[in-house]
1. Which of the residues spanning region 110-127 are within 15 Å of the chain's Cα centre (by Cα) and either of a type outside the set (F, W, Y) or surrounded by fewer than 13 Cβ atoms within 10 Å (Cβ to Cβ) (or both)?
2. Sort through V81, V96 and tell me the only one that's touching a strand residue (DSSP E or B) at 6+ places or on another chain (Cβ under 8 Å) and either at pLDDT below 55 or not polar (S, T, N, Q) (or both).
3. If R93 passes every condition in (1) exposed (fewer than 13 other Cβ atoms within 10 Å of the Cβ); (2) over 23 Å from P67 (Cα atoms); (3) in contact (Cβ under 8 Å) with a residue 12 or more places away in the chain but one, which one does it miss?
4. Which of the residues spanning region 80-103 are part of a loop (DSSP other than H, G, I, E, B) and over 14 Å from N147 (Cα atoms)?
5. Testing A106 on (1) part of a strand (DSSP E or B); (2) over 12 Å from the mean Cα position of the chain (by Cα); (3) surrounded by 15 or more Cβ atoms within 10 Å (Cβ to Cβ), one condition comes back false. Which one is that?
6. Can you tell me which residues in region 133-154 are exposed (fewer than 12 other Cβ atoms within 10 Å of the Cβ) and either touching a Lys or Arg at 6+ places or on another chain (Cβ under 7 Å) or of a type in the set (V, I, T) (or both)?
Amino acid sequence: MTAPDRTIPAASEVPAASEVPAAPLGSSVPESPAPETVAGTVAPATEAAAAGRVEVLVRRLDRELAPPAYVQPSDAGADLVTAQDVTLAPGERAVVGTGLAIALPAGYAAFVHPRSGLAARHGVTVVNAPGTVDAGYRGEIKVVLINTDRSDPIT
């Protein structure tokens, strides 16, 4: 059995959450009003939603950035990149854009978690971990990063 392609393509438009289709695992996904839909990493807000598969529309706000991608087929979430270069002094925090906007169906949320390797090797982590993206939010996903290292800046 081969792993499904989990690279997240861009959608040309992010519709209202009520327009995003959802279907149970193993069933066919209904036609989407947008040209592209992707399976994203989301956590259902209700038990009923936990049984289904959710299609998430993704809009890349900066086409020069790499799209979010799963490093391993078994990964629970896709890796994000920053849309801007930032240097954080020791103890400094900054709000950093990802260059992405998503459309989640009502009752769902997406979560931005810090990577343990970044924290262990570089001292950078997410301040409000996990960062929550609610279903009704349609703006750019931004992450509040902090440099926990006591002596070295992070670039």
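The values are calculated or read from the model by the stated rules, or taken from the named source; none is laboratory data. Note that this is a predicted model, so its numbers are computed, not measured. Ideal geometry is used to build each Cβ from the backbone, glycine not excepted, and the neighbour counts take in all protein chains shown.
1. A110, V112, H113, P114, R115, V126, listed by residue number.
2. Just one listed residue meets the conditions, V96.
3. Here R93 clears every test but (1).
4. Residues satisfying the conditions are L80, V81, T82, A83, Q84, D85, T98, G99.
5. (1)
6. Residues satisfying the conditions do not exist here.
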